[in-house]
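Enquirer: Below is the structure I would like to discuss, written out as structure tokens.
The values are calculated or read from the model by the stated rules, or taken from the named source; none is laboratory data. Note that the structure is a prediction, hence the values are computed from the model and not measured. Here the Cβ positions follow ideal geometry from the backbone for every residue, glycine too, while neighbour counts run over all protein chains shown.
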């Protein structure tokens, strides 16, 4: 077990330890016991790799596709959405757009799909649009712009959350560069409250807007959400006599 851990065979070492405590250990053939150890090591490596991808993705929400609430009336087409769970849309370099009012779980759904992608061995990165441009400005100032853009281009799927703020000239150029670099090479998930027919207003420059919108929308699965917010306010409890006057 010590040598296994030194060789970083952590899953195999743990499985071997557990095997020694099993009454049926002596009944296993060499092939069966070795197969059990190898399977455990493979599973452990896959889990560790997934954890690293999730840490690097920096997803805003801890979301799982298994926890999607299909009962809430928000216009999420189950038949259209379920094929997204296979991640084939990422392998085909397609995009997803979640559009609709606040409070309908657009960010949560985007993070759930990214989590599934990481579990499938794909890489993801999450950005809120204001922070994305802030990071690019800092990278330009400290000389790391090329490295940051390279990281953006290498991720299998990028999440651009809260798309809709008016872009400056520099932001338009940066965003066009990202979109063009990823076209037919990577996928994008966009969450927005702005209807697609108003994206030209957000981008500003008609020529750049045409290039950006064409590359995103024409290869996108669109989910237009609507309805009441899913965010429920918790009722404020009245202070009890015992708690009145206590300072925290």
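Enquirer: Of these, 83, 130, which one is at pLDDT below 90, out of contact with any strand residue (DSSP E or B) (no Cβ under 7 Å at 6 or more places or on another chain), surrounded by fewer than 17 Cβ atoms within 10 Å (Cβ to Cβ) and part of a helix (DSSP H, G or I)?
Expert: Result: 130 is the single residue among 83, 130 that is at pLDDT below 90, out of contact with any strand residue (DSSP E or B) (no Cβ under 7 Å at 6 or more places or on another chain), surrounded by fewer than 17 Cβ atoms within 10 Å (Cβ to Cβ) and part of a helix (DSSP H, G or I).
Enquirer: Suppose we filter 48, 116 for residues that are part of a helix (DSSP H, G or I), free of Cβ contacts under 8 Å to residues at least 60 places away in the same chain, surrounded by 15 or more Cβ atoms within 10 Å (Cβ to Cβ) and under 28 Å from the mean Cα position of the chain (by Cα); which single one remains?
Expert: Checking each option against the conditions leaves just 116.
Enquirer: Let me ask another. Hey, could you check segment 94-108 for residues that are modelled with pLDDT of 95 or more and in contact with a helix residue (DSSP H, G or I) (Cβ under 8 Å, 6 or more places away or on another chain) and say which is farthest from residue 213 (Cα to Cα)?
Expert: 98
Enquirer: Every residue in segment 58-86 that is closer than 23 Å to residue 219 by Cα and within 12 Å of the chain's Cα centre (by Cα), please.
Expert: 65
Enquirer: For residue 18, only one of the following conditions fails: (1) modelled with pLDDT of 90 or more; (2) assigned to a helix (DSSP H, G or I). What is its number?
Expert: (1)
Enquirer: If residue 31 meets every condition in (1) in contact (Cβ under 8 Å) with a residue 24 or more places away in the chain; (2) assigned to a helix (DSSP H, G or I) apart from one, which number is that one?
Expert: Residue 31 satisfies every listed condition except (1).
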